[in-house]
1. Report, ordered by the first and then the second residue, all pairs with beta carbons closer than 8 Å, sequence separation of six or more or different chains, a first member in the stretch 46-74 that is in contact (Cβ under 8 Å) with a residue 24 or more places away in the chain, and a second member that is buried (at least 16 other Cβ atoms within 10 Å of the Cβ) and among the charged types (D, E, K, R).
2. Residues of the stretch 55-74 being surrounded by 13 or more Cβ atoms within 10 Å (Cβ to Cβ) and over 14 Å from Val18 (Cβ atoms), which ones?
3. Can you work out which of the residues in the stretch 38-62 that are touching an Asp or Glu at 6+ places or on another chain (Cβ under 9 Å) and assigned to a strand (DSSP E or B) is farthest from Tyr74 (Cα to Cα)?
Amino acid sequence: MCARPRHRHNHRQFIVDVDASRDGLGAVLSQREGKAERVVAYASRTLTKSQRRYCATRSEILSLVWALREFRPYSVVPGAQGPWLPALVDDL
């Protein structure tokens, strides 16, 4: 962990950064505070045996889909983002 997570600000836009490796997925949910990004939450998980065989592109897409689902509770705040995010995550 690089920085201790902070409380979210419902009126600020969320930023999701994701990464995938041979063994797992990682994601960081953050928000801008001035010129800096402040971490709201971290998440990670290991890959299944079959997911470890994915190409780099599929692994990165998997990490994004997984992160959007993982951070969904943060998006259920009126006015925090457009209405498309909950609908997108529901469809994944």
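1. Filtered contacts from the stretch 46-74: Tyr74/Arg8.
2. Across the stretch 55-74, the qualifying residues are Arg72, Tyr74.
3. Only one residue tops the list, namely Thr46.
Let's see how each residue does on (1) of a type in the set (A, V, I, L, M); (2) at pLDDT below 90; (3) more than 10 Å from the chain's Cα centre (by Cα):
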{"position": "Arg12", "(1), (2), (3)": "no, yes, yes"}
{"position": "Ile15", "(1), (2), (3)": "yes, yes, no"}
{"position": "Val28", "(1), (2), (3)": "yes, no, no"}
{"position": "Tyr42", "(1), (2), (3)": "no, no, no"}
{"position": "Ser50", "(1), (2), (3)": "no, no, yes"}
{"position": "Thr57", "(1), (2), (3)": "no, no, yes"}
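The values are calculated or read from the model by the stated rules, or taken from the named source; none is laboratory data. Given the structure is predicted, the values throughout are model-derived calculations rather than measurements. Every residue, glycine among them, receives a Cβ derived from its backbone with ideal geometry; neighbour counts consider all protein chains shown.
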